[in-house]
Amino acid sequence: MATATLTIDLDAIAANWRALDRLTGPEVQTAAVVKADAYGLGVTRVARTLAHAGARRFFVAYAEEGAAVRQALGPGPQIAVLSGHCPGDTEMIHDLDLTPMLNSLEQITRHLEALPGHPFGVQLDTGMNRLGVDGTGLPRSLAATGGILLGSRYHFDLTRPGVGLYGGLPYVAAQPVVRLSLPVIQTREVEVGEAVGYGCTWVADRPATIATVAAGYADGLPRTLSNRARLWDGDVACPVVGRVSMDAITVDVSHLAEVPRALDILGPMQGVDALAELAGTIGYEMLTSLGARYQRRYQERGA
Ligand SMILES: *Cc1c(COP(=O)(O)O)cnc(C)c1O
């Protein structure tokens, strides 16, 4: 198998939702944010898992994403669309029973004229100058993952955790959700003075065994990881040497007794935020950049 394997622990996602739900009072409802294909992890399986765990409200960025969630969940759960009611959305909002979170007078007018009586929410401007209008609305919701952790004064009626469900900061106590295992497709012995990778950014100062693994920046593993990141054989670290290329990463495995079939770049020893920091970005970007070429494997013990 020459493609990398992304393992997604659905039980961990369910456990993270339950744990975030327990952080708020019984009168506070906990939604689930599943925009951007559930932060890159696959919205169909993730939304079903969260519904099974008890989530009854789901947030997406766009009506098209809401359509995928409705398809996954069937009728019943509320699916809220953060971009509101945009031109061209009316049919989808109506047919799939989506709830637009209206964020301008123009949207409110559009919604009330096109779909009178159809449910909606209103987004208020919290000072981020992003989306939102000034005024008042009900039920009140302020907190994303970070807001839940701030305490009950920030919880209001409904919370909207996203990244915490998927094992990312700021939810330090999250169970890890993803593991990314990259198969070794070639092993080479290099002599002192030989360079590895484009631009010759790494030169062997001793004889070394270099493994090439099958993933690169086309798979969401940025070039900024070049000569910085580590891959893992169990709990043994193996440094990336040379530049990350489009489809390959080279790793110094000289110290291993045996070259394994695959090395982990995400897993128990290095989570999304640790890898993101090495790449100079944040866990959110790392997760949502995870590529389409991975073989995705969903792990679930079952109900
Ligand atoms: C993305 C998003 C969230 C979830 O934020 P996290 O930090 O991932 O928990 C909540 N609310 C809105 C409006 C969002 O856009």
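The values are calculated or read from the model by the stated rules, or taken from the named source; none is laboratory data. What you are looking at is a predicted structure, and each value in this text was computed from that prediction instead of being measured. Neighbour counts are summed over all protein chains in view; Cβ atoms, including those assigned to glycine, are modelled from backbone coordinates with ideal geometry. Only protein heavy atoms, including side chains, enter the accessible area calculation; ligands, DNA and RNA are left aside. Shrake-Rupley method; radii C 1.70, N 1.55, O 1.52, S 1.80 Å.
Got a number for carbon plus sulfur as a percent of the range 14-94's accessible area, 1.4 Å probe? Don't skip to the end; give the middle numbers.
Values: 1750 of 3300 Å².
Accessible surface attributable to carbon and sulfur in the range 14-94 totals 53 percent.
Would you tally the net charge around Asp89, using a Cβ to Cβ cut-off of less than 10 Å, leaving Asp89 out, and scoring K and R as +1, D and E as -1?
Local charge sum for Asp89: -1.
Under 13 Å from the Cβ of Thr49, count the other residues' Cβ atoms, weight Lys and Arg +1, Asp and Glu -1, and hand me the total. Walk me through the numbers on the way to the answer.
On the way: positive: Arg18, Arg45, Arg48, Arg301; negative: Asp9, Asp11, Glu300.
Net local charge, Thr49 excluded: +1.
Does the range 8-155 come out rounded, prolate or oblate, given a ≥ b ≥ c as the square roots of the eigenvalues of its C-alpha gyration tensor, rounded meaning a/c under 1.5 and, failing that, prolate meaning a/b above b/c?
It is oblate, given that a/c is not under 1.5 and a/b is not larger than b/c.
How much of the DSSP beta bridge set in the chain is antiparallel, as a percent to the nearest 5?
Roughly 55 percent of the DSSP beta bridges within the chain come out antiparallel.
Suppose accessible area is computed on protein heavy atoms with a 1.4 Å probe; arrange His118, His52, His111 from highest to lowest.
On the way: His118 25, His52 135, His111 0 Å².
Reading off the accessible areas and sorting them downward yields His52, His118, His111.
Cα centroids of the range 261-303 and the range 1-55: how far apart, whole angstrom?
If you average the Cα positions of each part, the centres end up 15 Å apart.
Taking all protein chains together and a probe of 1.4 Å, list Arg48, Arg22 from the most accessible to the least accessible.
Arg22, Arg48
What is the sum of charges around Met286, taking Lys and Arg as +1, Asp and Glu as -1, for the other residues whose C-beta is under 12 Å from the C-beta of Met286?
Net charge in that neighbourhood comes out at -4.
Could you state the accessible area per residue of the chain in Å², with a 1.4 Å probe and every protein chain left in place?
Details: 14830 Å² over 303 residues.
Averaged over the residues of the chain, the accessible area is 49 Å².
What is the Cα coordinate range of the chain on the first, second and third principal axes, sorted by size from largest, in whole angstrom?
Extents along the principal axes: 73, 37, 35 Å.
Multiplying the sequence separation of His52 and Ala15 by 0.36 nm and subtracting their Cα-Cα distance, what value in nm do you get?
12.2 nm is the gain from fully extending His52 to Ala15.
Nearest 10 degrees, 0 to 90: what angle lies between the long axis of helix 63-73 and the longest principal axis of the chain (Cα atoms)?
90
Just need the relative contact order of the chain here, percent rounded to a whole number, with Cα pairs under 8 Å and 6+ apart.
Computed value for the chain: 20 percent relative contact order.
Taking only the alpha-carbon positions of the range 178-299 and ignoring solvent, what does the Debye formula give for the base-10 log of I(q)/I(0) at q = 0.10, 0.14, 0.19 Å⁻¹?
-0.27, -0.54, -1.00
I'd like the orientation of helix 10-22 relative to the chain: the angle between its Cα long axis and the longest Cα principal axis, in ° from 0 to 90, rounded to 10.
50
Stretched out fully, how many nm does the piece from Ala195 to Glu64 gain, at 0.36 nm a residue minus the Cα gap?
42.4 nm
Ranked highest first by average number of other Cβ atoms within 10 Å, how do 220-232, 272-284 line up?
Numbers: 220-232: 20.0, 272-284: 18.5.
My ranking of the peptides, most packed first, is 220-232, 272-284.
At a probe size of 1.4 Å, how large is the accessible area of Glu27, to the nearest 10 Å²?
140
Using a 1.4 angstrom probe and counting only protein chains, how large is the accessible area of Met92 in Å², to 10?
Counting only protein heavy atoms, the figure is 50 Å².
For n ≥ 4 DSSP H runs only, could you compute -39500 (n - 2.57) per run for the chain, divide by its residues and tell me the 222 nm figure to the nearest 500?
-7000 deg cm²/dmol
Mind pulling the angle between the C-alpha long axis of helix 105-114 and the longest principal axis of the chain? Nearest 10 degrees, somewhere in 0 to 90.
70
Return the carbon/sulfur percentage of the accessible area of the range 194-255, one whole number, probe 1.4 Å, all protein chains in place.
51
From the phi of every residue in the range 45-62, what ³J(HN,Hα) in whole Hz does the Karplus formula 6.51 cos²θ - 1.76 cosθ + 1.60 yield, where θ is phi - 60° and glycine or proline is x?
Here the 3J(HN,Hα) series is 5, 5, 5, 5, 4, 5, 5, 5, 6, x, 5, 10, 10, 10, 10, 10, 7, 10 Hz.
Leaving ligands, DNA and RNA out of it, rank Asp21, Asp89, Asp205 by accessible area with a 1.4 Å probe, largest first.
Asp205, Asp21, Asp89
Gaussian network model of the chain, Cα springs within a sub-10 Å range: biggest mean-square fluctuation belongs to which of Gln270, Gln175, Gln71?
For the chain, modelled as a Gaussian network with Cα springs under 10 Å, the answer is Gln71.
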